[in-house]
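The structure under discussion appears below in the form of structure tokens.
The values are calculated or read from the model by the stated rules, or taken from the named source; none is laboratory data. It should be emphasised that the depicted structure is a prediction, and the values quoted were computed from it without experimental measurement. Backbone-built Cβ (ideal geometry, glycine too); neighbour counts: all protein chains shown.
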């Protein structure tokens, strides 16, 4: 690996298997268990195995920091595990119902953190680090795009067995239109929030109870942590539901629509309603806390900022719950439509082979060695036929000597667009608009009558009054919403006080035209609250 | 060897009471039978088989093909000759009809048979890949004909998408995983014994998709493997592409139904039986791992327990 090459060497291939061996040296075991009987039974062993697996999930992160030394260049300054956790965070938060997170989006979002770690390094290097970390979290180098850890357990008859634990942290899933999205796996989410082997529902409730307590005691820093945990839980919960609904769509009978699913949907709807109430209450409380905490010193200022962040997080939770709820409400009609399609069709003349029930389902639990015999048999007879090519030697020479067709990288050439200049048919020129704008740039404390403005405009240019009248009429219904959103400093307005306009060219009301000053700072504060 | 179905194949004996108008009135049919078969007839029979070897060719689009099919139907001697040509080439005649054409399948040792090693190079070296390629074909068939009635009904047209097949298999794998978890079973395979790993785990741990440098599908991912299978089946005249949504949408042809029903399905079943897996007599057998697993219980209505073999 040359040190000068800029990018390639960075992709030091991840070890195909992330071998993390926890097993104790084989010699130690017999000494500890004198009679050759393992002291920890399978039950005790199970907990250990679970923790070993949990521990294994963190290994790829440590591994990143261990392997950064192998990269060509000085990458020691970057904290790779930190970047990796940030990436998993981002992927988790960007996971929605239908899609996952986009590769580029994740890279772009994690860049500021990487840049902060080494501000004097070039931006290209930061991006390289981001991509390297993301690729390694997916483990692009391995065919499964996952990790494997080896650990040991005692089986039921006391023999020590080494087992492979396969897991993924960030997985790639197909999205609409052939795109590829990222999703954080359950393992990743569990590792991330540090709540291993816990029930989704109860963990969420626990997190929220904790949040309430923390807020009531004013410990906002901890509250923020708890709120973030609650959000991860929410995402995880939504993911579980999404999978179940997907199964229903595929095969009505694969899901128990008599009891299990309706129960689950009701449970989930209750859950959403419950959480919604809960989170709205939290939102109100935090808002109050935020507004009451006056930013007199740095500490309370910090509180205020944290409370504002908390508001954002809880709002995101509410958004996700709303989304979840709408999916839940769609589930019933979806079931009925699928049932119509699948169950009420005309009965078939005769029954045949049940491909799923009699082949796929029995094959999957088999050891792969045996399963392959069945799939091979199906493959041999189920793929159709191919007519073998029969080539004459004379043709063969020609075929072999034909240079390969070069692959088109760029596709067809784009035709040069034929642009036609559109004639400028504007009623007023730019200069006229400038003149009118200057005329209407009234001081805030001195509004004027439209009649006066028109007369003044007429002295400059006979066309100008039309433009001024037009602008004034527009100002009668000023674009308050736009000004508010864009944070304008002032706004032109016009009011009708009943006076009639006396003018040779125009009729109607003699509007009072003036400029209103807007409280830009106040609006900005409001906006950030609403958003 | 020739195992075509009595319902499907136009019977060699004249059956004027079927009232099919499409065949027209065989005006010269009574005259031809006495004539001895000539080399020209053999050439025609071989031509019909060669049409059958072009699975994407539709009889409705080719006058000569349609004529030969009509001749197969109307002249028993010609039909026998065509069957003999096919048999000699190592082909199994599944059906001869206007909808499917001369549907022939390759016998196991035929030169026309597809071999796994030619199909996917990795598959011969890697047992996991070999299994995944085979499973992809099995899963596509299962998704194409989800219920036994669908496979039996000649008019049924199955519709599948690449992502749909993947999701379907993943769902099944997940269910097995959940069940294993409930049973407190440790499904992590023993190190250095890859053949003993459960089949579903091999599928579950392979990634569904992956970004590649040139925006093509990652060949080793499960959707890549399934896409390869459907593309191959399109070339076999078994599927027709209907759209690009969800990784590519396809519908089945009559030939595919015949092939799965009469060839592949039975062969795979026979293999499974040989492994001693399927209890033929009654359903309440070893294949139902714990009926108490009533959450997301697929087994209840999905075809298990088995009816008689």
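Selection of the stretch B:101-113 for residues being more than 8 Å from chain A (Cβ to nearest Cβ), buried (at least 23 other Cβ atoms within 10 Å of the Cβ) and touching a strand residue (DSSP E or B) at 6+ places or on another chain (Cβ under 6 Å) yields B:102, B:103. Residue count for the stretch B:250-279 satisfying the condition of being in a helix (DSSP H, G or I) and without any contact (Cβ under 8 Å) to a residue 60 or more places away in the chain: 8.
Checked against (1) over 30 Å from residue A:168 (Cα atoms); (2) more than 8 Å from chain A (Cβ to nearest Cβ); (3) touching a residue at least 60 places away in the same chain (Cβ under 8 Å), residue B:243 passes all but a single condition, namely (3). Are any residues in the stretch B:211-231 within 7 Å of chain A (Cβ to nearest Cβ) and surrounded by 21 or more Cβ atoms within 10 Å (Cβ to Cβ), and if so, which ones? Residue satisfying the conditions is B:223 alone. Inspection of the stretch B:114-135 identifies at least one residue that is surrounded by fewer than 21 Cβ atoms within 10 Å (Cβ to Cβ), touching a strand residue (DSSP E or B) at 6+ places or on another chain (Cβ under 9 Å) and facing another protein chain (nearest Cβ under 8 Å).
For the stretch B:294-305, the condition of being within 9 Å of chain A (Cβ to nearest Cβ), within 26 Å of residue B:159 (Cβ to Cβ) and modelled with pLDDT of 75 or more holds for none of the residues.
Quick one: is residue A:455 in a helix (DSSP H, G or I) and either farther than 22 Å from residue A:428 by Cα or in contact with a strand residue (DSSP E or B) (Cβ under 9 Å, 6 or more places away or on another chain) (or both)? In short, no.
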